[in-house]
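Colleague: Before I ask anything, let me first share the structure, which is written out below as structure tokens.
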């Protein structure tokens, strides 16, 4: 029994290590950098051993994408579930997304817009959907409070996702780390636009306050 448990733990640890190595490679050079030979070398495995844990390179990358996107959805959900008015939380959630994307631009570009295999693109749609669900919850609350326009929350959340991601594509594609001042300016601009899209009436918006991720 003890030997079986040790074996399962070794398999689980190796699986996690390969995911971590692959994530780091994608953060360095996008999907193209996730080469099986390199992944195996950095994971201290034989190249063929990777396929004991994953069906294919695409399967491995899909699992990495799912893992990273789940974390991003959790960050947004944590802000959505805090106290305060819906407008401030929407602004903070969008700004946090921009800041986190700018922190690892190559990884964020891969998650948002980099050309990839159809299976990865399908997984990215699920990522957008998971984010949209969190924003829809917040928008529905804002509608009930009279803060946001009376429209279907799923429609408004989809609009917010688009407005939040599209301005990031060109900066992220450059794969360079931007100065903190530029990141904060972009975060505030994108957050302000997203809030104004759904506000029920014009209101003076306060500046975006940094949150810890």
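Colleague: So for the stretch 142-165 (the condition being touching a strand residue (DSSP E or B) at 6+ places or on another chain (Cβ under 9 Å), touching a residue at least 40 places away in the same chain (Cβ under 8 Å) and surrounded by fewer than 19 Cβ atoms within 10 Å (Cβ to Cβ)), does at least one residue qualify?
Modeller: Taking every residue of the stretch 142-165 in turn, at least one turns out to be touching a strand residue (DSSP E or B) at 6+ places or on another chain (Cβ under 9 Å), touching a residue at least 40 places away in the same chain (Cβ under 8 Å) and surrounded by fewer than 19 Cβ atoms within 10 Å (Cβ to Cβ).
Colleague: Which one is farthest from residue 160 (Cα to Cα), of the residues in the stretch 53-106 that are over 18 Å from the mean Cα position of the chain (by Cα) and in a helix (DSSP H, G or I)?
Modeller: Per the criteria, the residue is 57.
Colleague: Here is a list: 66, 95. Which entry is closer than 30 Å to residue 192 by Cβ and in the same structural domain as residue 129 (by TED's automatic domain parsing)?
Modeller: Answer to the check: 95.
Colleague: Would you tally the residues in the stretch 132-141 being crowded, with 20+ Cβ neighbours inside 10 Å and farther than 12 Å from residue 159 by Cα?
Modeller: 2
Rundown of residues vs (1) surrounded by 18 or more Cβ atoms within 10 Å (Cβ to Cβ); (2) over 27 Å from residue 19 (Cα atoms); (3) touching a residue at least 40 places away in the same chain (Cβ under 8 Å), yes/no style:
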| residue | (1), (2), (3) |
| --- | --- |
| 63 | yes, no, yes |
| 70 | no, no, yes |
| 74 | no, no, no |
| 80 | yes, yes, yes |
| 87 | yes, yes, yes |
| 90 | yes, yes, yes |
| 96 | yes, no, yes |
| 104 | yes, no, yes |
| 109 | yes, no, yes |
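The values are calculated or read from the model by the stated rules, or taken from the named source; none is laboratory data. Being a predicted model, the structure only gives us computed values, none of them experimental. With ideal geometry, Cβ positions are generated from the backbone for all residues, glycine too; neighbour counts draw on all protein chains shown.
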